[in-house]
1. Please give the calculated 222 nm ellipticity per residue for the chain, where each DSSP H segment of at least 4 residues contributes -39500 (n - 2.57) and the sum is spread over every residue; nearest 500 deg cm²/dmol?
2. Once both labels are modelled 7 Å past Cα along the beta-carbon direction, what's the H210-E80 spacing in nm?
3. Taking every eigenvalue of the Cα gyration tensor of region 108-205, multiplying by 5 and rooting it, what semi-axes result, largest first, whole Å?
4. Give me the net charge for the shell around F366: Cβ to Cβ below 14 angstrom, other residues only, Lys and Arg +1, Asp and Glu -1.
5. Size of region 265-344 along its principal axes in angstrom, Cα-based, largest extent first?
6. Report the local net charge at V30: Lys and Arg +1, Asp and Glu -1, summed over other residues whose C-beta lies under 12 Å from its C-beta.
7. Across 10 Å bins from 0, what is the distribution of all Cα-Cα pair distances for region 391-447, in whole percents?
8. Restricting attention to the alpha-carbon atoms of region 10-144, what are Rg (one decimal) and Dmax (integer), both in Å?
Amino acid sequence: MNTEELIGRLTLREKADLLTGKDFWQTQEVEREGIPSIFLSDGPHGLRRQASKADHLGLNPSIPATCYPTAAAMANSWNEALGEQLGTALGEEASSLNVNVLLGPGTCMKRNPRCGRNFEYFSEDPYLAGKMSASYIRGIQSAGVSACVKHFAANNQEERRMVSDSVMDERTLREIYLTAFEIAVKEGKTQAIMSSYNKINGVFADENAHLLRDILRGEWGFDGAVISDWAGCNNKVQSTIAGGNLEMPSCKYGADDIVAAVESGALDIKYVDESVRYVLELIDRTTRVQHGKPFDVDAHDALAKRCADESLVLLKNDGTLPLDGSLKVAIIGDFARQPRYQGAGSSIVNPTKLTSLLDVKDKLNFIGYERGFDRYGKDKPRLLNKAVKLARKADVTVLCLGLDEVTEAEGLDRENIRIPQNQIEAFRQLRVFSKRLVVVLSCGSSVETGFMRSANAILYG
């Protein structure tokens, strides 16, 4: 693709159209010039390509794909090589589903443990987050698919995320909130980056020239496309001047505004041509390979398990773990039956395979399972009474606690960092009647664990 010649042949209307989406997930095509549409898709720990009735919050089901451990888990592995393998698998699955741009990895800083989307982000440490993000990017892009690092930048809460203002001095911005993105750009060589919803020192990220021009392109040398978060472009003309390129999803008004501003002299055509150039280069980079080749479902599932194994964190162990095969084991907890393995929102994956703890009970001297509690916090004494009765018979009780799917989700923040009171009560009663008690936590962020200090072992899953 000769980008400069192509730009010279495009009409103003065609240029404007290229700078906004065709629909919810696709870019515009220009048939007379042979410019194809490309497909963008969530998500950072597994593909969420929706076949129909597209939505951004994961309310409608998607095509089955491997659900890998979330970034919150993978950062616990401290394993860049494994992160690159995961990224390669993500790229292969994206390519198999004809996805050109994968919207991830999430590289935001964990500023507050209550952020509802912390499960999608690597760490509160900029260096760790940056290194893991770069490893994902290298893997994803090895398959001829573009990564799209998000959300740039200082996007650290879900509450009022589209109007919040991240106010800070320059040193804090650069040392804490931009460092991971800098590593992602310089070491990962990401081909796209997603601007965030929020303001930074009073200016929306998508219109922030200091962020997009001075730092991202001027200092870091980024040569890819800047894509708005979905419905995150407030003023397409100002965004184009500041360095934003592609507005998503489809917005005819944004394209109309570009045409009107150029014709009135309010917008220099050089900014339009610049953005078109970055969009065309993204299209060219992600259409060079033949997509649609099936991926190995079993091999990718095995990789997901290996990633999960390396991401487990043993918080406490008095020698009870690993479990002695001769010990009678009771498994209790709603999460053992219906595993909690991802948060809710735009990154939710419809998994090709799903294994619960009960699926591997044959590897234990298993004597029974009880639900124990309602995962959504409702008080149901009958469930707990049955669990206590089972625990009395066991040598070891494995209690699966955690946060439900609604608690950790895009668009909202948690009110506190406690797990539901009915689970705390379940622990307290089972501690009394269990010879040994092992707690398995399923959470995507920080939770208070003081109440479980008397547990024999605690495994953060």
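The values are calculated or read from the model by the stated rules, or taken from the named source; none is laboratory data. Values in this document were obtained by computation on a predicted structure and should not be read as measured data. All Cβ positions, even for glycine, are placed from backbone atoms using ideal geometry, and neighbour counts span all protein chains on display. Surface accessibility is based on the protein's heavy atoms, side chains included, excluding ligands, DNA and RNA. Shrake-Rupley method; radii C 1.70, N 1.55, O 1.52, S 1.80 Å.
1. Helices in the chain give a 222 nm mean residue ellipticity of -9000 deg cm²/dmol.
2. Each label point is offset 7 Å from its Cα along the Cβ direction, giving 3.1 nm.
3. Working through the eigenvalues yields semi-axes of 22, 13, 13 Å.
4. Once positives and negatives cancel, what remains is 0.
5. Result, largest extent first: 78, 35, 23 Å.
6. Value of the local net charge: 0.
7. Reading the bins upward from 0: 22, 45, 23, 9, 1.
8. 16.6, 51
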